[in-house]
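The values are calculated or read from the model by the stated rules, or taken from the named source; none is laboratory data. On a predicted model such as this, the values are computed, not experimentally measured, just so you know. All Cβ positions, glycine included, derive from the backbone under ideal geometry; neighbour counts span all protein chains shown.
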Amino acid sequence: VGGSRPAVPGKDVVLTLDADVQNRALEVFGDESGACVVMEVRNGYILCMMSAPSFDPNLFVTGVPSRTYRALSDYERKPLLDKAIGGVFHPGSTFKLTTSLALLTAGVDPTERVNCGGGYRFGNRTFRCWSRSGHGPQTMHDAIKNSCDVYFYHMCNRAGVDGIHEAAKNIGFLQTFDIGVDNQKRGSVPSQAWKAEYNKNNPNSDSRVWYPGETLSVAIGQGDVNVTALQLAVMTSRIANGVKALQPRLIKSVGGVDRPSGAEVPDLAFAREHLDVVRQGMVAVANDRSGGAYRQSQLGLGDIQMAGKTGTAQVRSYDNVGSRSSSSVGWALKDHNLFVAFAPVDQPRYAIAVIVEHGGMAGSTAAAPRAREIMRTVLLKDPEMRERITRPPPPEATGPQLDEGAIGAAPEPVGVPVSPGPTAGPRPYLSEPR
């Protein structure tokens, strides 16, 4: 029997999504591919869960023509894949926040210094820092601010791969969430048990043994570390919240009955002073002139400041390559570009994760400016935040500016619309019932 069936009214479902924030995210992404997730760090509400490029779902209501479907499915930027929950990416340096928590939990003194000379010799291989000239002496705060690879190479086996794996689980990775949407990916963060299971059918018993040298790539979010944009947003929300193991919420109410808050959950498994070390490092990334994303993180909204962390995820080997600049390679060979952030720094309320697929080198060049523009929209819709716009801005940072991955960096990516100023009016963070 063919034909359509008449609709049967059901209960009204009110989502936490905000259409203005969703549309702003699509606008600033333009033709780029990737994902953006914005969360409220007090209750876990998902205000934005955007995947780009998008498509018109109405095409599928009565059956999409095969030619149209093939065009969508064959396009290299994969519009049919929900990259916010179903696409997995190496998190790159954004994962250093998780590694830092693992190190602190393992007893590492955050004031201990590691000298970065541009590389770290382990066994018969030298692991390079993104800064070939090195960063000099680095505390944990410095290493987060400068995204120093050598610090994390040197320290990572103090926690070990199992310590990093456990911290990753506790901060929001390696899991799916009860948001009413299926097809979420769990991603992967290696452990000794993970490797043994992965290679259980390999006759070479050495393939099931974890070696300390393998931990180095895990510590900087490479290797077999794979995460989703939603998981990155949860990580950032939990760090910003500082108390609760916040759970994301996409459905606010069903039939007029509110769903439980995402903050009605157990406390985080991290000491508050450890979370504060990580948060202060994120503040420096975005607000010290020598931080990796200073120029791209200035909101221009009174005294409201944003804290963040850049990330660049390799998709190819750079061994024996003189420059990591991606200006001369095709789209599929460019690095992924990531940025996570929360604002305001003094009273965290909103967290954001942005992934620009094959956005190039580095997280400050493509992801951070887009995150800034989306975050501005979120803040401008909050009446309390709009009141703060009239306050004097904080003192301007001084000192030299150095963006992470300065090779090929640009102050603004081409095609990112920049907000002229505080013009958005208040609207509730709720979609219409549906």
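Filter the stretch 177-224 down to residues that are touching a residue at least 24 places away in the same chain (Cβ under 8 Å) and among the β-branched types (Val, Ile, Thr) and give me whichever is farthest from Ser51 (Cα to Cα).
The extreme case among them is Thr215.
Could you run through the stretch 248-279 and say how many residues are over 18 Å from Ala167 (Cβ atoms) and not small (Gly, Ala, Ser)?
Taking the stretch 248-279 first, the residues over 18 Å from Ala167 (Cβ atoms) are 248-264.
Cutting the leftovers down to not small (Gly, Ala, Ser) gives us 248-252, 254, 257-260, 264.
So the count comes out to 11.
Exactly one condition in (1) over 25 Å from Ile164 (Cβ atoms); (2) in contact with a strand residue (DSSP E or B) (Cβ under 6 Å, 6 or more places away or on another chain) is false for Leu230; which is it?
(1)
If you scan the stretch 8-50, which residues turn out to be over 17 Å from the mean Cα position of the chain (by Cα) and assigned to a loop (DSSP other than H, G, I, E, B)?
Val8, Pro9, Gly10, Lys11, Asp12, Thr16, Leu17, Asp18, Gly30, Asp31, Arg42, Asn43
Matching residues to (1) part of a loop (DSSP other than H, G, I, E, B); (2) under 27 Å from Gln138 (Cα atoms):
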| site | (1), (2) |
| --- | --- |
| Gly223 | yes, yes |
| Thr236 | no, yes |
| Lys252 | no, no |
| Glu264 | yes, no |
| His274 | no, yes |
| Val277 | no, yes |
| Gln280 | no, yes |
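Given the conditions (1) modelled with pLDDT under 95; (2) assigned to a loop (DSSP other than H, G, I, E, B); (3) among the hydrophobic types (A, V, I, L, M, F, W, C), and given that Ala286 satisfies all but one, which numbered condition is not satisfied?
The one condition Ala286 does not meet is (2).
If you check Met140, Met155, which single one turns out to be within 21 Å of the chain's Cα centre (by Cα), at negative phi and modelled with pLDDT of 95 or more?
On the way: Met155 fails: within 21 Å of the chain's Cα centre (by Cα).
Of the residues listed, the single one that is within 21 Å of the chain's Cα centre (by Cα), at negative phi and modelled with pLDDT of 95 or more is Met140.
Tally the residues that are in contact with a Cys (Cβ under 8 Å, 6 or more places away or on another chain) and over 10 Å from Phe339 (Cα atoms), restricting the search to the stretch 364-377.
Initial filter on the stretch 364-377 (in contact with a Cys (Cβ under 8 Å, 6 or more places away or on another chain)): 370-371, 374.
Those left that are additionally over 10 Å from Phe339 (Cα atoms): 374.
Qualifying residue count, the stretch 364-377: 1.
Return yes or no: is Gln222 surrounded by 14 or more Cβ atoms within 10 Å (Cβ to Cβ), over 18 Å from Gln314 (Cβ atoms) and out of contact with any Ser or Thr (no Cβ under 7 Å at 6 or more places or on another chain)? Before you say what the answer is, go through the steps one by one.
On the way: surrounded by 14 or more Cβ atoms within 10 Å (Cβ to Cβ): yes; over 18 Å from Gln314 (Cβ atoms): no; out of contact with any Ser or Thr (no Cβ under 7 Å at 6 or more places or on another chain): yes.
Considered against the rule, which asks whether it is surrounded by 14 or more Cβ atoms within 10 Å (Cβ to Cβ), over 18 Å from Gln314 (Cβ atoms) and out of contact with any Ser or Thr (no Cβ under 7 Å at 6 or more places or on another chain), Gln222 comes out as no.
Need the failing condition index for Val209 against (1) aliphatic (A, V, I, L, M); (2) surrounded by 15 or more Cβ atoms within 10 Å (Cβ to Cβ); (3) more than 22 Å from the chain's Cα centre (by Cα), just the number.
So the condition that Val209 fails would be (2).
Considering only the stretch 151-174, state which residues are surrounded by fewer than 24 Cβ atoms within 10 Å (Cβ to Cβ) and in contact with a strand residue (DSSP E or B) (Cβ under 9 Å, 6 or more places away or on another chain).
His154, Met155, Leu174 - these are the residues of the stretch 151-174 that are surrounded by fewer than 24 Cβ atoms within 10 Å (Cβ to Cβ) and in contact with a strand residue (DSSP E or B) (Cβ under 9 Å, 6 or more places away or on another chain).
Which of the residues that make up the stretch 173-203 are charged (D, E, K, R), over 23 Å from Tyr45 (Cβ atoms) and part of a loop (DSSP other than H, G, I, E, B)? Don't jump to the end; show me each part of the working.
Residues of the stretch 173-203 that are charged (D, E, K, R), as a first pass: 178, 182, 185-186, 195, 197, 200.
Add one more test, that the residue is over 23 Å from Tyr45 (Cβ atoms), and what stays is 195, 197, 200.
Matches in the stretch 173-203: Lys200 only.
Would you check if Gly281 is more than 20 Å from Val38 (Cβ to Cβ), surrounded by 13 or more Cβ atoms within 10 Å (Cβ to Cβ) and modelled with pLDDT under 95? Even if it seems obvious, please write down each step before you answer.
On the way: more than 20 Å from Val38 (Cβ to Cβ): yes; surrounded by 13 or more Cβ atoms within 10 Å (Cβ to Cβ): yes; modelled with pLDDT under 95: no.
Taking the combined requirement at face value, the residue does not satisfy it.
What's the total number of residues in the stretch 118-144 that are surrounded by 14 or more Cβ atoms within 10 Å (Cβ to Cβ) and assigned to a loop (DSSP other than H, G, I, E, B)?
7
Does Val340 satisfy the criteria of being at pLDDT 90 or above, hydrophobic (A, V, I, L, M, F, W, C) and assigned to a strand (DSSP E or B)? Outline the logic, then answer.
Working: at pLDDT 90 or above: yes; hydrophobic (A, V, I, L, M, F, W, C): yes; assigned to a strand (DSSP E or B): yes.
Spelling it out, Val340 is indeed at pLDDT 90 or above, hydrophobic (A, V, I, L, M, F, W, C) and assigned to a strand (DSSP E or B).
Kindly evaluate Val378 against the criterion of being among the β-branched types (Val, Ile, Thr), closer than 16 Å to Val285 by Cα and modelled with pLDDT of 90 or more. Write out each step before concluding.
Values: among the β-branched types (Val, Ile, Thr): yes; closer than 16 Å to Val285 by Cα: no; modelled with pLDDT of 90 or more: yes.
Taking the combined requirement at face value, the residue does not satisfy it.
Got at least one residue in the stretch 292-304 being closer than 23 Å to Arg388 by Cβ, modelled with pLDDT of 95 or more and under 19 Å from the mean Cα position of the chain (by Cα)?
No - not one qualifying residue is present in the stretch 292-304.
Taking Gly187, is it modelled with pLDDT of 95 or more, farther than 30 Å from Arg289 by Cα and either in contact with a Leu (Cβ under 7 Å, 6 or more places away or on another chain) or surrounded by 24 or more Cβ atoms within 10 Å (Cβ to Cβ) (or both)?
Numbers: modelled with pLDDT of 95 or more: yes; farther than 30 Å from Arg289 by Cα: yes; either in contact with a Leu (Cβ under 7 Å, 6 or more places away or on another chain) or surrounded by 24 or more Cβ atoms within 10 Å (Cβ to Cβ) (or both): yes.
Yes.
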